[in-house]
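Peer 1: Please find one structure pasted underneath; my questions will follow.
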Amino acid sequence: MKYVPAVVGRPRRAKHPIRMLVSKVGGDPVGIDAAEWPSCRHCDKPMAFLAQLDLHNPVRVSERFAFAYMFMCRGFRDERGCPSWDPEEGANCVLLKSTPDAASLCPCPGEHRFDDFELSLSERQEPFLEGPDIDDLADEAFLDASGKEFVHYDTSRIIKIGGIPIWIQSPEVPQCPCCKGSMTFIAQVGSELENPGFGGYGFDVAAGEFFVFRCEAECSPQGAVMGLQTG
């Protein structure tokens with residue numbers, strides 16, 4: 001059996017704002033500046049900041065880029081109707097940074113700030129599984145290398161960097177928005193993190209997962225996308 005390294009982050013509400021360059025959910029992003037803050041292509045309003053992910057430690061899922069920053073328009077839930085779940089419609093964004101500045105704290109604009117959640121990290125080796133029939137596999141196929149944990153049913157309340165995507169619906173691997181080349185899975189973020197302020201990240205979505213991909217050739221800081229699947 002072939003295994004793929006992954007790091008799992010279990011969220012807990014932070015007692016104080018997190019202002020370090022670490023993987024985290026919510027709060028203010030560390031390592032980017034205001035000029036880089038994305039706006040929705042549909043409503044032109046600033047997107048909400050969801051999470052920042054360390055792509056080098058403790059599992060390396062990128063050679064060129066050190067951090068990924070996830071954003072999503074809140075217009076999903078109101079009369080604007082922005083397609084925030086779609087990786088191709090410009091209503092969400094993943095920004096990659098090679099050398100983020102740990103001293104740069106970018107305050108979230110207006111209503112677009114959520115509570116800080118810190119992550120308790122653990123490493124594991126996931127079985128390499130792929131294909132449209134993944135849901136037809138027996139539970140035993142989803143045991144990690146320790147043989148003690150089912151990875152298939154352990155995604156909606158965690159953040160996972162590396163490993164394999166556990167799709168809710170059919171596999172949806174996008175093309176790079178910059179070079180149209182192949183993309184590589186780098187993270188999966190559950191929407192049921194225990195944060196009343198999020199309520200499915202504040203977008204009134206059902207239990208679901210965000211799937212994050214980067215360009216296989218790592219062609220550009222904009223060569224990353226994310227899509228949302230719900231059950």
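The values are calculated or read from the model by the stated rules, or taken from the named source; none is laboratory data. Since the structure is predicted, the reported quantities are computational estimates derived from the model, not experimental observations. As a convention, Cβ positions derive from the backbone with ideal geometry for all residues, glycine included, and neighbour counts pool all protein chains shown. Accessible surface areas use protein heavy atoms only, side chains included; no ligands, DNA or RNA. Shrake-Rupley method; radii C 1.70, N 1.55, O 1.52, S 1.80 Å.
Peer 1: Sort THR155, THR184, THR99 by heavy-atom solvent-accessible area, probe 1.4 angstrom, most to least.
Peer 2: Numbers: THR155 15, THR184 40, THR99 120 Å².
So the residues, ranked largest to smallest area, are THR99, THR184, THR155.
Peer 1: Please list LYS45, LYS24 from largest to smallest accessible area, probe radius 1.4 Å, with all protein chains kept in place. Please report the intermediate quantities before stating the final value.
Peer 2: Working: LYS45 95, LYS24 0 Å².
So, going from the largest accessible area down, we get LYS45, LYS24.
Peer 1: In addition: If I take R0 = 22 Å and measure r between the Cβ atoms of SER39 and GLU123 in this structure, what FRET efficiency does the formula 1/(1 + (r/R0)^6) give, to the nearest 0.05?
Peer 2: On the way: r = 36 Å, r/R0 = 1.64.
The formula returns an efficiency of 0.05 here.
Peer 1: Now, a different point. Starting from the Cα of GLU149, step 7 Å along the direction of its Cβ; do the same at GLU89; then give the gap between the two resulting points in nm.
Peer 2: Taking the simple label geometry, GLU149 and GLU89 are separated by 3.4 nm.
Peer 1: Find how much the distance from VAL173 to LEU137 grows on full extension, using 0.36 nm per residue of separation minus their present alpha carbon separation; answer in nm with one decimal. Working shown, then result.
Peer 2: Values: separation 36, 0.36 × 36 = 12.96 nm, distance 2.02 nm.
Once the chain is fully extended between VAL173 and LEU137, it gains 10.9 nm.
Peer 1: Between Rg and the Kirkwood Rh of the chain, both from Cα atoms, what is the Rg to Rh ratio? Intermediate values should be presented prior to the final figure.
Peer 2: Numbers: Rg = 16.6 Å, Rh = 17.7 Å.
Rg/Rh: 0.94.
Peer 1: Give the shape of the range 26-132 as rounded, prolate or oblate, defined through the alpha-carbon gyration tensor: a ≥ b ≥ c are the square roots of its eigenvalues, a/c under 1.5 means rounded, and otherwise the shape is prolate if a/b is larger than b/c and oblate if not. Kindly include the intermediate steps, with their values, before the conclusion.
Peer 2: Values: a/c = 1.91, a/b = 1.30, b/c = 1.47.
Oblate, since a/c reaches 1.5 and b/c is not below a/b.
Peer 1: Mind scanning LYS24/LYS97; LYS24/LYS160; LYS45/LYS180; LYS2/LYS160; LYS97/LYS180 and naming the pairs with a C-alpha gap bigger than 23 Å? Please report the intermediate quantities before stating the final value.
Peer 2: Numbers: LYS24/LYS97 15 Å; LYS24/LYS160 12 Å; LYS45/LYS180 27 Å; LYS2/LYS160 19 Å; LYS97/LYS180 20 Å.
From LYS24/LYS97; LYS24/LYS160; LYS45/LYS180; LYS2/LYS160; LYS97/LYS180, over 23 Å: LYS45/LYS180.
Peer 1: Compute the label zone of ARG157 within the range 14-50: residues whose backbone N is under 14 Å from the point 7 Å along Cα-to-Cβ.
Peer 2: none
Peer 1: Taking the Cβ of SER104 as the center, what net charge do the other residues with Cβ under 12 Å away carry, scoring Lys and Arg +1 and Asp and Glu -1? Don't jump to the answer; show the numbers that get you there.
Peer 2: On the way: positive: ARG19, LYS97; negative: ASP28, ASP33, GLU36, ASP101.
Neighbourhood net charge equals -2.
Peer 1: Under a 1.4 angstrom probe, counting protein chains only, how are GLU130, GLU149 ranked by accessible area, largest first? Present the calculation step by step, with values, prior to reporting the outcome.
Peer 2: Values: GLU130 145, GLU149 55 Å².
Of GLU130, GLU149, the descending order of accessible area is GLU130, GLU149.
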